Amino acid sequence: MVDPDCLFCKIVEGEVPAEIVREGERTVAFRDINPQAPTHVLVIPREHHPDVASASAGDTGLMDVLAREAHEVAVAEGIAETGYRLVFNTGAGAGQTVFHLHGHLLGGRGLNWPPG
Ligand code: AMP
Ligand code: ZN
């Protein structure tokens, strides 16, 4: 399913340019336009799901695929050994601004806990 008004659906469709670093059968990974760490890649499903809750509700294995793809990007970026964070902001109150599910893959610097 594609939402014609969704920015990330447009990236999947190639209608909006992005620096794509990995493509899978069900996922696309591209660099965040406003990086918060040396590696900041967004891993998204090709299918439109507003957030992690709706994507996981159907039990389609999609979240497993996203986690695997994120790890493969981390390996390619050289941050799998040093450590990385995979974040799914869910809801406007948690900072979600694009309502097409995306995992933020962050690494390449020390990451504080708890996050702000
Ligand atoms: P969130 O705030 O969790 O919804 O994350 C949305 C992310 O998308 C932000 O980190 C933005 O910098 C990023 N973003 C917005 N537009 C684009 C774009 N055209 N290409 C790449 N990243 C984008
Ligand atoms: Zn979408």
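Below, the figures for the structure above:
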read-out	value
Sequence-separation-based contact order of the chain, relative, with Cα cut under 8 Å and 6+ spacing, percent	29 percent
Of every Cα-Cα pair in the stretch 10-85, the percent that sits beyond 20 Å	32 percent
Within the chain, longest stretch free of exposed GluC sites (Glu not before Pro) [DSSP loop, at most 12 other beta carbons within 10 Å]	26-80
Cut-off under 5 Å, modelled amide H: who pairs with V21 long-range	A29, F30, R31
Proxy reagent accessibility, fewest Cβ within 10 Å first, across V28, V16, V98	V16, V98, V28
With Cα atoms, 0 to 90° folded angle of helix 62-77 axis to the chain main axis	40 degrees
Segment R31-T90, extension gain: residue separation times 0.36 nm, minus the distance between their alpha carbons	19.3 nm
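Just so you know, all these numbers are worked out from the coordinates, no wet-lab data involved. Predicted, not measured: the structure shown is a model, and the values here were computed from it. Ideal geometry is used to build each Cβ from the backbone, glycine not excepted, and the neighbour counts take in all protein chains shown.
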